[in-house]
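Below you'll find the structure, written out as structure tokens, and then a few comments.
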Amino acid sequence: MVAGWYLGLRCDQTFRNFRHEMRKIHLLFGLGLLLPLTALAWWQGWFASEPVYHGRTVTQWLDAMAVYDDVRNWDLTPLSSLLALGPRAVPTLRAHLNEPPSAPSRSRQIVYWVQVNWDRLWDSSVFPYSPLTPRHTSRDEARSLSAGLVLLALGTNQGGGLPILIEEHAKAGLSTNLGSPQFSFYSVIDTAVTGLPERRSEMREAIDRALTHTNLLYRQFAAKNALARRFPEAFPDWRPLLIRLAGSDQEDPKVRDGAMFALLVRTPVEDQEFVVLCTQVFTNRANASLLRARATGGLRFGGSSNLVFLSLMRGATNDADGYVKQSARIALRDFEKHPPQ
């Protein structure tokens, strides 16, 4: 009886040890499956809040394009990968266009505090410490510029295109929370005109629509001379509308200034219609100083025998507005040194 009890006890202990060992084996087996699956999920971006392609999020692909400041050079692989994401990438790309500036890290604030106070020990003229304000870094600017290029490369059929950039530009103009734009929207167009020739006609159509848009920020964007310079073949079609926008007292001053700037860039010499416009704009003292100053430069387009230009310029050198006076003196000096032929 005792032997039977002892044998049963040993069997029970052996069974318990066996169950314990099996649990360890199951646990190790589960971990062995879970870790590779977790690594795979992380690599594939299953936990990411953005669309993922080949294990990278939209933001990571943008950073891989390596567009920094004025050096616009990107590897074709990131661009192709973002295009492969198609419309899924558009919300993230748009979000990067007008991202607010991020606050500097605490460590950077501490380093700056130490630096300022150290400098003040040796030079009392150094300004006291004031906390660093949020700002866009060169990496932020590069990412935003890359996002704009990808949106233009996607085109309107993929939910991107120049209309999206114009819309985001207008949104930035209305917002008081975004601060200064991270980059120039015109820089994106400047790059895309040469780098994405297949989108040229599409971008021109977007500008055509924006020039007559009810939103003045759309018209202001479209009227800027940067667009007229990038699309010189379209200027003859845009010119009548630009003349009307620049000369209209009912138009927004920024739109008028953009239109006048575009006309100054592309208008040829001996254009009497443009000279008449500039004369009207300049002589109307109700117009903004900047617009009247631009008109002083346009008066010389009447040619070397333009007596209207000479008389107006000589009078403008004594204008009550200092900015107009300075612009008139520069225009008159340039005219005398290099008269139009």
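The values are calculated or read from the model by the stated rules, or taken from the named source; none is laboratory data. Keep in mind that this is a model prediction, so the values were computed, not measured. Every residue, glycine as well, gets a Cβ built from its backbone with ideal geometry; the counts of neighbours run over all protein chains shown.
Tabulated data for the structure shown
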quantity	calculated
Some residue of the range 106-125 being in contact (Cβ under 8 Å) with a residue 40 or more places away in the chain and assigned to a helix (DSSP H, G or I)	no
Of all residues in the range 151-181 being more than 19 Å from GLY195 (Cβ to Cβ) and in a loop (DSSP other than H, G, I, E, B), the one that is modelled with the highest pLDDT	GLY159
Only listed residue being in contact with a Cys (Cβ under 6 Å, 6 or more places away or on another chain) and crowded, with 21+ Cβ neighbours inside 10 Å, chosen from ALA262, ALA210, ALA295	ALA295
Criterion violated by THR92 - all others in (1) assigned to a helix (DSSP H, G or I); (2) in contact with an Asp or Glu (Cβ under 6 Å, 6 or more places away or on another chain); (3) at pLDDT below 85 satisfied	(3)
Top-ranked residue in the range 133-150 [being in a helix (DSSP H, G or I) and either more than 13 Å from the chain's Cα centre (by Cα) or of a type in the set (Gly, Ala, Ser) (or both); ranked as surrounded by the most Cβ atoms within 10 Å (Cβ to Cβ)]	ALA147
Qualifying position, being of a type in the set (Asp, Glu) and under 17 Å from the mean Cα position of the chain (by Cα), among ASP208, ASP190	ASP190
All positions within the range 101-132 that are surrounded by 13 or more Cβ atoms within 10 Å (Cβ to Cβ) and either polar (S, T, N, Q) or closer than 30 Å to VAL150 by Cα (or both)	PRO101, ALA103, PRO104, GLN109
Evaluation of PRO87 against (1) under 30 Å from SER201 (Cβ atoms); (2) at pLDDT below 85 (one fails), failing number	(2)
ARG300 vs. criteria closer than 25 Å to GLY315 by Cβ, crowded, with 18+ Cβ neighbours inside 10 Å and modelled with pLDDT of 85 or more	no
